[in-house]
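Read the structure below first, then the notes.
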Amino acid sequence: MTKKIMTDEIQRKIIDDFAIIISEEITLKKMVIKGFLWRALREWQNRHEVTILDTEKGGGSTPEERIQQASEILQICLKDMKGLVENEIQALEIGINNALKHYITNYSDR
């Protein structure tokens, strides 16, 4: 099991963008949301037994596969954050959906 999250500069930018977008919908601070996103990314990497080298060297990822991967990571984050924002679940879901739309528009074709 990977304990260290392995990312590149673009993935760090994506996480930062996601945190900003989600924080616009709920009352949690961006840094707290980033923590949940990093944990979600680590969990996703462990589930799929991949590292940054696997994903960034191509790994056969098409834009559709990258969108699916981003969606899975955001869903892990959503599940983990629900207990913390019980009164803002709908707003959290909106933030997660907006983050995925941002990913599709700005990062899926990289």
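Apply the Karplus parameterisation 6.51 cos²θ - 1.76 cosθ + 1.60, with θ equal to phi minus 60°, to every residue of the stretch 66-74 and state each ³J(HN,Hα) to the nearest whole Hz, in sequence, with x for glycine and proline.
5, 4, 4, 5, 4, 4, 4, 5, 5
Explain nothing, just the number: dipole magnitude of the stretch 9-106 about its Cα centre with +1 on each Lys and Arg Cβ and -1 on each Asp and Glu Cβ, in debye rounded to the nearest 20.
220 debye
Using θ = phi - 60° and the Karplus curve 6.51 cos²θ - 1.76 cosθ + 1.60, what whole-Hz ³J(HN,Hα) does each residue of the stretch 95-110 get, with Gly and Pro shown as x?
Working through the residues one at a time gives x, 4, 5, 5, 5, 5, 4, 4, 4, 4, 5, 10, 10, 5, 9, 5 Hz.
Can you compute 3J(HN,Hα) from phi for each residue in the stretch 18-26, using the Karplus curve 6.51 cos²θ - 1.76 cosθ + 1.60 with θ = phi - 60°, rounded to whole Hz and x for Gly and Pro?
Couplings: 4, 4, 5, 5, 5, 5, 6, 9, 10 Hz.
Stretched out fully, how many nm does the piece from Lys30 to Asp16 gain, at 0.36 nm a residue minus the Cα gap?
4.2 nm
Output needed for the stretch 9-106: three equivalent-ellipsoid semi-axes, defined as square roots of 5 times the C-alpha gyration tensor eigenvalues, in descending order, whole Å.
The three semi-axes for the stretch 9-106 are 23, 14, 12 Å.
Every read-out reported here was derived from the displayed coordinates using simple, explicitly stated rules and does not represent laboratory data. Since this is a predicted model, take the numbers as computed values, not measurements. Ideal geometry is used to build each Cβ from the backbone, glycine not excepted, and the neighbour counts take in all protein chains shown.
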